[in-house]
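To keep things clear, I will list the structure first and then write my remarks on it.
Bear in mind that the values in this text are calculations on the coordinates, not laboratory data. Remember, predicted model here, so these are calculated numbers, not experimental data. Cβ placement follows ideal geometry from the backbone for every residue including glycine, while neighbour counts extend to all protein chains displayed.
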Amino acid sequence: MTARLTDFKVLVFDVYGTLADWETGILLGLKPMLSRYSTSSGWSRKQVLEAFSAVESDLQAKYPHLLYSDLLAKVHEVMEERLQAGSGLPVETSTVDGDPSSLPISSSSSNQSVLSDEHVEFGQSIKGWPIFPDSYDALHTLSKHYKLVVLSNVDRTSFAHTLAKLSEGDSTDFSPETYLPPESEEYWYPQRNPKSKSPFTLVLTAQDVQSYKPALHGFEVALDVIHREAALLNTPKDQVLWVAQSLFHDIEPVSRLGVTSVFINREGATMGFRPGPEPIHAWQFVSLGKMAEAVAKV
């Protein structure tokens with residue numbers, strides 16, 4: 001018998017790329033640095049995001065315990081070093097192994113002085129990344145049918161800003177402190193704050209699981225927590241539906257674990273794809289809004 005969307009009890013969401021437009025946020029954050037080099041200033045959107053992804057994936061694999069805001073700062077630093085090396089300029093430090101010639105840079109670039117604060121600023125830029133226009137309404141519709149969970153390659157403090165946007169939409173009449181992560185609790189249950197409008201029952205970050213996707217460890221931790229935590233009705237994995245835009249970070253690894261998934265194939269997305277056959281997923285929608293509409297019709 002073919003499963004229906006409503007046969008599941010828990011939806012687990014990837015956030016950045018699925019609910020939040022991280023590609024736009026990343027492009028804006030990298031623009032000041034890239035504009036200093038003649039070659040990178042002319043990079044296409046695809047070139048910028050592929051250069052970013054190459055460094056980010058490398059760092060995430062090598063430093064799974066590094067907070068995401070610190071990892072983003074390192075990504076910015078490494079990209080800067082590779083641009084300098086490709087321009088024939090001296091590089092004072094080397095923060096990650098790799099061949100600078102692997103990125104599309106040339107020796108004709110010029111350079112201006114770079115402040116280390118710029119790396120840190122990029123690491124803190126998550127709070128400014130926009131959410132997709134359909135995310136707020138779709139999440140609140142879906143929360144009427146399922147328990148919603150997050151597993152995201154992010155740290156708790158950075159995610160608090162995104163959580164507020166996904167919970168409150170365009171509203172400015174709320175206290176940001178409502179969405180700050182707990183300091184003492186093992187797991188983050190945003191709805192326990194009586195003022196919270198969070199659609200999510202549980203939030204798990206890379207900081208919590210000490211692993212970055214697509215490594216399987218974080219998925220295994222998430223499925224274990226969902227299964228044994230009373231707040232999630234002790235849901236087994238055959239009643240868990242994974243919802244994500246990234247085939248690389250989410251859809252492929254959960255398919256290996258036998259978890260059913262929904263691919264949110266957002267138009268124009270660059271990151272989250274890899275060469276080769278598309279991993280198995282049960283449903284595909286062009287937006288989360290379309291998925292919410294489909295659920296409402298069942």
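Summary table
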item: J(HN,Hα) series, segment 12-19, from Karplus relation 6.51 cos²θ - 1.76 cosθ + 1.60, nearest Hz, glycine and proline x; result: 10, 10, 6, 10, 7, x, 9, 10
item: Cα gyration tensor category, rounded, prolate or oblate, for segment 225-298 with a/c compared to 1.5; result: oblate
item: Burial ordering of 63, 189, fewest other beta-carbon atoms within 10 Å first; result: 63, 189
item: Exposure proxy ranking, count of Cβ atoms within 10 Å, fewest first, for 259, 149, 298; result: 298, 259, 149
item: Mean-position separation - Cα centroids, segment 154-181 and segment 191-241, in angstrom; result: 18 Å
item: Relative exposure of 283, 22, 129, 242, judged by other C-beta atoms within 10 Å (fewest first); result: 283, 129, 22, 242
item: Exceeding the 32 Å Cα-Cα cut-off - candidates 74/165; 46/197; 9/195; result: 46/197
item: Label assignment, Cα extents along the principal axes in Å derived from the structure, set (i) 60, 44, 31; (ii) 72, 43, 35; (iii) 65, 47, 36; result: (i)
item: For a label point 7 Å along the Cα-to-beta-carbon line of residue 171, residues of segment 122-145 with backbone N under 13 Å; result: 137, 140
